Amino acid sequence: MSVSIAAPSRHANAIAAATFDNLEALDAEYGKHAPIFSNRGYDYGLEELEPEDIIAPELLDGNPWYVRGALAVLCGRGKSGKSTLLMHDAAKLSAKGYRVLIVQREDAKAVVASRLVAMGADLARVRCFQKTVDIKDTRAEINFDSSDVDAIINVAEQYKPDFIVVDPLHGLAQGDLNKQSSADCIPPLLAMCQRLNCVCVGALHPGKEPRHVESAISGSQQWSDKARSYIYLETSPDDPNTAVAQQVLNSYGPTMNRMIRFKVVTMRDARGTEFTTRIVDSSEPTEQTAQEYLDAKNIMAADPVDPDEKPEIADWLYETIHDLGNHAFARTVQERAKAKKYTPAMLRSAYRDASVKQTRQARRGGRSILYLTDADAYCPADRQKLKGGMTFEDLAREWGGTQ
């Protein structure tokens, strides 16, 4: 077999062809990893793949969302909690000894610092990217933009972080978001992750009225296609402090969703002044999906309900679920509602008035369940469990189903 390659040269247009009768001769001439020629400051060559090159993907702190050497993106509506969730993960990682670099322009430093501290961060292991300029004899900080990709990479090369947050990642977009070139910042960021063996995660906004988690990201699909992990965050239609972060894509293994619960806590600043900040109260694996929340919101938006109808629907919904044992499969209730000419949107709008919430059975592949949150509706045995610390959702998730 004959292998043709280019002879060493500093100019691509002056490369002469050379032929080696076998691979041994090729390796003897250049070595298994040596460059064959250089051009415009780059070295080009052939690299042999060997069995010892096969290494399993390394998860940062065991989290399937974050694979070292890869880029992840988190998409969600404004005020859904994207930045808070990323600060939560940054805080937990720093507390475990990992280095964190935060590149953000959404919040003031005081907000970032307060959230990190409230969620247990080790600030000694956190750094924030800073861009400053002289304005009228004053050193002023300004926001990063698409021209700062190289600067961010250079700073990261010096600091060598394990976890990098870019919020928003669209802040590095070049021109029109609908053009594929807008995501040209991702390849160099991905190459940086591979060199530093770190994780870079960027926050992205969804398009107007998203309908599917797979295509929710605004602008060109390149933003999600070039990432190795894509997570979509959607809040519950019933409770803005509850959300599901669904891992839509994981190029390296199974996906994992997380149920996120937010809360507001009171803190004191260095002067003793009290203020409040929003944090992640809990983050647990779940079988529930963000798509379920998104579907419910889309249905409600498409089929508005007359407020005068709510009490009647709420009474029917409460009695129906109570008659079924305080827990019912969502599909069962929807089928019974058809006879009353109640649409899914009408039912969803009545949840709060009927003291009803929705969850999914704890087992893998479990079905969606509606359950009552009125303790008086439950039997003495269940009320005792509630007094002992179980929640209404705990009872519902353990319910095996009888319909």
Qualifying residue in the stretch 315-322 (condition: in a helix (DSSP H, G or I), buried (at least 17 other Cβ atoms within 10 Å of the Cβ) and at pLDDT below 85): no
Filter result for the condition that a residue is part of a helix (DSSP H, G or I) and either open to solvent by less than 40 Å² (accessible area, probe 1.4 Å) or among the acidic types (Asp, Glu) (or both), over Ile153, Ile164: Ile153
Cβ pairs under 7 Å, 6+ apart, first in the stretch 171-188 and more than 20 Å from Val103 (Cα to Cα) and of a type in the set (Asp, Glu), second open to solvent by less than 10 Å² (accessible area, probe 1.4 Å) and at pLDDT 75 or above: Asp176/Ser182
The one condition in (1) under 24 Å from Arg348 (Cβ atoms); (2) modelled with pLDDT of 95 or more; (3) open to solvent by 10 Å² or more (accessible area, probe 1.4 Å) that Tyr232 fails to fulfil: (3)
Conditions (1) at pLDDT 95 or above; (2) open to solvent by 20 Å² or more (accessible area, probe 1.4 Å); number of the one not met by Val111: (1)
Matching residues in the stretch 210-248 - criterion: being touching a residue at least 40 places away in the same chain (Cβ under 8 Å), closer than 13 Å to Cys75 by Cα and either assigned to a helix (DSSP H, G or I) or among the acidic types (Asp, Glu) (or both): Val213, Trp223, Ser224, Glu234
Subset of the stretch 87-108 that is assigned to a loop (DSSP other than H, G, I, E, B) and in contact with a Leu (Cβ under 9 Å, 6 or more places away or on another chain) - its residue that is farthest from Val155 (Cα to Cα): Tyr98
Exclusive hit being at pLDDT below 95, over 22 Å from the mean Cα position of the chain (by Cα) and farther than 21 Å from Ala90 by Cβ, set Asp225, Asp184, Asp238, Asp134: Asp134
Any chance Ser215 is open to solvent by 10 Å² or more (accessible area, probe 1.4 Å), among the small types (Gly, Ala, Ser), more than 19 Å from the chain's Cα centre (by Cα) and over 22 Å from Ala91 (Cα atoms): no
Cross-chain or 6+ apart pairs with Cβ under 7 Å, the stretch 52-70 first and touching a residue at least 12 places away in the same chain (Cβ under 8 Å), then open to solvent by 40 Å² or more (accessible area, probe 1.4 Å) and not in a loop (DSSP other than H, G, I, E, B): Tyr66/Leu59; Val67/Leu59; Gly69/Gln194
Top-ranked residue in the stretch 337-349 [being crowded, with 18+ Cβ neighbours inside 10 Å and at pLDDT 85 or above; ranked as farthest from Ile369 (Cα to Cα)]: Tyr342
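The values are calculated or read from the model by the stated rules, or taken from the named source; none is laboratory data. Only a predicted model underlies this, so the values are computations on that prediction, with no experimental measurement involved. Quick reminder, even Gly has a Cβ in these numbers, built from the backbone with ideal geometry, and neighbours come from all protein chains shown. Surface areas here come from the heavy atoms of the whole protein model, side chains and all, with no ligands, DNA or RNA. Shrake-Rupley method; radii C 1.70, N 1.55, O 1.52, S 1.80 Å.
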